[in-house]
Amino acid sequence: MPTQFRPRQAIYTAQALRAGEQACLQQLGISGYQLMCRAGEILHAELIQRWPEGRVNIVCGRGNNGGDAYVVARLLLAEGRTIQVYQWQSERELAGEAAQAQQDFIDAGGTIQPLNDEKLADCDLIVDGLLGNGFSGEPNDELVSLIRAINQFPAPVLAIDLPSGLEPDTGCAPAGAVVADVTVTLVAYKLGCLTGQARLYVGELVLADLGIGECLSKHAEMLAQRHTAEQVGDYLRPRSAIAHKGQHGRLTVIGGDLGMPGSVKLAAEAALRAGTGLVTVVSQPQHQATIVQNRPELMFCRCELVDMEVYSRLGWANVLLLGPGLGQHEWGYNLFKACLLSEKSMVLDADGLNFLAIEPSKSDHWILTPHPGEAARLLNTSVAQVEQDRTAAVQALQHKYGGVVLLKGPGTLIYDGQRLALCDVGNPGLAVAGSGDLLAGIISAMWAQGLEAFEAAVVATLIHGGAADRAATEGQRGMLPSDLLPYVRIMANP
């Protein structure tokens, strides 16, 4: 089933969003100020629903974010709320729609204070309208000081569009950003609110498309599409009443050098729970009892050397999973070479990626699943460089190695050379050994069952992250990958 386009889940670059917004205004026959007022009304409604009482400090920047904030201020003033409005660089006049919004606030009886880090009044809520979609790079010392002052306040924060200091296209905050409790992002999703450091700053994310989301999809080139756990059902349908195991894939999982049987067992069991018809594990002979114990559905191939039996297990499968617990010694290297020679569809994970970094090659028939450290090795760069622009990193990986690349981390990115997906699932409970093995097993399962590679990676990430979010209701700390297995089965049956 082809990936479905959902306009409300589209993600655009800041530049594409600005150009597309102008095209929509022209097509729909509305002014920029009318759209600003619409944004302010939605922000105001969100504010009073969550914080119906209390004093509000409103921090205004010099761009349209500040204009949106002035509309909110005018509406709060009209209903008698106690507000204090602060303008950054108040000695300079605003321009365009922001100037009009400011003047309308003044005409309604509003007053404005200059903004500095020593003069914020006590309040029950802060509205952050300082920096918006036009921000990039690193804020100057004055802005850093203001952001720090906002964060030191005990009051909750409602951020307009995105927290000030957070880059809209990367999710980086080079000098820190406002820590918001709620962010109302306007018109469309920004990648910077969904990946990188976003989860440190964004809080609860609410989309307000201002009624132009459908129009925008016709005028702006989409960068990526956001996917959530609720979309698993777009790809998976109930099985045929006359289905048999041979129709649901044959998977061979290769790995588990001496002392590391758990990784391949986790991956193989995840593949079974995600619906694979037949799963074989190729591993060290000493691990046979450990791997098949309590999971008799798994088949096992004893591998001390890469012999004809191993090659037959590779040839038998329609998908290979190479890497969990593979190790970086001769045993693992020989299996790596054998899998490459097989030219089978293959998910390459963990130490399989480390071998690939040493001996780079390119294929259209694999899915690579690096975390940022592995991605840095594959690109011969630093983890900091990878995290500085995760989109550029996943695109560079795909260009160099081909196939489908899944870059793990908060806001997992998946790229196949044309399509970019962001999976908005998962939580810090996944930060434990074995989580990646589980994900690799689910990806392999989806691919073995007939989804094409890109969709297999997307659906598996949603199942994995959705299972983690369900398991986390009992606590993130101490959550184990094996705790997710019952939820994997539930998620795989939407």
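The values are calculated or read from the model by the stated rules, or taken from the named source; none is laboratory data. Since the model is a prediction, treat every value here as computed from it, not as a measurement. Methodologically, a virtual Cβ is constructed for each residue, glycine included, from the backbone with ideal geometry; neighbour enumeration extends over all protein chains shown.
Figures for the structure shown
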read-out: Yes/no for residue 419 being in contact with a strand residue (DSSP E or B) (Cβ under 7 Å, 6 or more places away or on another chain) and among the charged types (D, E, K, R); value: no
read-out: Subset of segment 435-469 (residues that are hydrophobic (A, V, I, L, M, F, W, C) and over 13 Å from residue 488 (Cβ atoms)); value: 447, 448, 451, 453, 454, 456, 457, 458
read-out: Tally, over segment 219-242, of residues that are closer than 30 Å to residue 32 by Cβ and within 24 Å of the chain's Cα centre (by Cα); value: 7
read-out: Residue among 453, 431, 445, 440 that alone is touching a strand residue (DSSP E or B) at 6+ places or on another chain (Cβ under 8 Å) and either over 30 Å from residue 362 (Cα atoms) or surrounded by fewer than 24 Cβ atoms within 10 Å (Cβ to Cβ) (or both); value: 453
read-out: Test: residue 271 is touching a residue at least 12 places away in the same chain (Cβ under 8 Å) and assigned by TED's automatic domain parsing to the domain that holds residue 439; value: yes
read-out: Any chance residue 462 is over 21 Å from residue 253 (Cβ atoms), crowded, with 17+ Cβ neighbours inside 10 Å and either under 18 Å from the mean Cα position of the chain (by Cα) or not assigned by TED's automatic domain parsing to the domain that holds residue 206 (or both); value: yes
read-out: Evaluation of residue 126 against (1) touching a strand residue (DSSP E or B) at 6+ places or on another chain (Cβ under 7 Å); (2) over 22 Å from residue 98 (Cα atoms); (3) in contact (Cβ under 8 Å) with a residue 60 or more places away in the chain (one fails), failing number; value: (2)
read-out: Subset tally (residues that are in a loop (DSSP other than H, G, I, E, B) and either of a type in the set (Ser, Thr, Tyr) or free of Cβ contacts under 8 Å to residues at least 12 places away in the same chain (or both)) for segment 103-117; value: 1
read-out: Scan of segment 203-213 for residues that are assigned to a loop (DSSP other than H, G, I, E, B), at negative phi and not charged (D, E, K, R), ordered by number; value: 212
read-out: Only listed residue being of a type outside the set (Gly, Ala, Ser), in contact with a Gly (Cβ under 8 Å, 6 or more places away or on another chain) and either assigned to a loop (DSSP other than H, G, I, E, B) or touching a residue at least 40 places away in the same chain (Cβ under 8 Å) (or both), chosen from 89, 100; value: 100
read-out: Test: residue in segment 5-21 that is touching a Pro at 6+ places or on another chain (Cβ under 7 Å) and either surrounded by 15 or more Cβ atoms within 10 Å (Cβ to Cβ) or in a loop (DSSP other than H, G, I, E, B) (or both); value: yes
read-out: Criterion (outside the structural domain of residue 394 (by TED's automatic domain parsing), surrounded by fewer than 24 Cβ atoms within 10 Å (Cβ to Cβ) and over 30 Å from residue 29 (Cα atoms)) met by exactly one of 198, 208, 155, 177; value: 155
read-out: Hey, residue 449 out of contact with any His (no Cβ under 8 Å at 6 or more places or on another chain), over 15 Å from residue 370 (Cα atoms) and in the same structural domain as residue 349 (by TED's automatic domain parsing) or not; value: no
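So that you can scan it fast, the table gives a plain yes or no per residue for (1) at pLDDT below 95; (2) more than 28 Å from residue 174 (Cβ to Cβ); (3) not assigned by TED's automatic domain parsing to the domain that holds residue 183:
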residue: 67; (1), (2), (3): no, no, no
residue: 71; (1), (2), (3): no, yes, no
residue: 108; (1), (2), (3): no, yes, no
residue: 127; (1), (2), (3): no, no, no
residue: 138; (1), (2), (3): yes, no, no
residue: 141; (1), (2), (3): yes, no, no
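This table checks each residue for (1) over 34 Å from the mean Cα position of the chain (by Cα); (2) hydroxyl-bearing (Ser, Thr, Tyr); (3) over 21 Å from residue 162 (Cα atoms).
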residue: 64; (1), (2), (3): no, no, no
residue: 71; (1), (2), (3): no, no, no
residue: 82; (1), (2), (3): yes, yes, yes
residue: 102; (1), (2), (3): yes, no, no
residue: 105; (1), (2), (3): yes, no, yes
residue: 114; (1), (2), (3): yes, no, yes
